[in-house]
Amino acid sequence: MATDVAAPRRRSEKSRAAIMRATRELLLERGFDKLSIEAVAARAGVGKQTIYRWWPSRHALVADVTLEYADRILRPVERTADVTADICEWAVGLARALTTARGNAMLRILTTAGMEHPDTAARLRAGFSTPLNETVRNRLLAAGHRPAVARDAADAVVGGIVYAILTEGRSFECSRAESITRTVIDGLGLG
């Protein structure tokens, strides 16, 4: 006699979208520290077990939500004959994105979540920090700069802008991103 076996439950796209939306909203309203799986479940209209079936922790859920937005920030540096102008334009765009309400919240959340959970930190580096640095590094390499110099300049440009925005928040003047970038490139003789 054959026995009917139920097919394994599949992720419901509607539930996933509701969970992601609820998490995004609650992060903006409460911040990372006050975000709870219970609040996400209530707002999304799902059970806590549904969230834990898909994400093993609050950190993993937050990483997915923030990395979803990070894709909108990660963009290549244009390539013209003026490498300094190209990177400056990219840097100002990065600063504009990270000083919006959503972008600034994402940056703070990425920083907090990454500091509290090593696995999340690795995912966030791979999905956000490393691509930012590689974007600048790759543009400098394409312009013929040595790999070590391109790496260090990318660290200084991205780090200088991100650190300043973390320190100053949304009051960071985006024009300073160009100043930071020019200072690094001029100081290293890359221009």
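The values are calculated or read from the model by the stated rules, or taken from the named source; none is laboratory data. All values reported here derive from a predicted model rather than from experimental measurement. No Cβ is skipped: glycine too gets one built from the backbone with ideal geometry, and neighbour counts run over all protein chains shown. The protein model used for the area step is the full one, side chains on, heavy atoms only, and it has no ligands, DNA or RNA in it. Shrake-Rupley method; radii C 1.70, N 1.55, O 1.52, S 1.80 Å.
Some points to look at:
- Rounded tilt (10° steps) of 58-73 against the dominant C-alpha axis of the chain: 40 degrees
- Label of the coordinate-derived value, Rg/Rh (Cα atoms, Kirkwood Rh), listed as (1) 1.10; (2) 1.03; (3) 1.00: (1)
- Net charge of neighbours whose Cβ lies under 12 Å from the Cβ of A156, counting Lys and Arg as +1 and Asp and Glu as -1: 0
- Alpha carbon centroid spacing (whole Å) that separates region 19-79 from region 130-191: 29 Å
- Relative packing of 135-141, 115-121, 74-80, which averages over residues the other C-beta atoms within 10 Å, highest first: 135-141, 115-121, 74-80
- Cα-based helix-to-principal-axis angle, 101-116 vs the chain, degrees rounded to 10: 80 degrees
- Relative to the longest principal axis of the Cα atoms of the chain, the long axis of helix 13-30 makes an angle of roughly 60 degrees.
- Sulfur and carbon atoms: percent of accessible area, the chain [1.4 Å]: 51 percent
- Where the chain is the region considered: accessible area per residue in Å², 1.4 Å probe: 54 Å²
- Note on the chain: with charges restricted to the Cβ of Lys and Arg (+1) and Asp and Glu (-1), its dipole about the Cα centre is near 720 debye.
- Helical contribution to [θ] at 222 nm, DSSP H n ≥ 4, -39,500 (n - 2.57), averaged over the chain, rounded to 500: -23000 deg cm²/dmol
- A cut-off under 15 angstrom between Cβ atoms defines the neighbours of E89, and their net charge, with Lys, Arg +1 and Asp, Glu -1, is +2.
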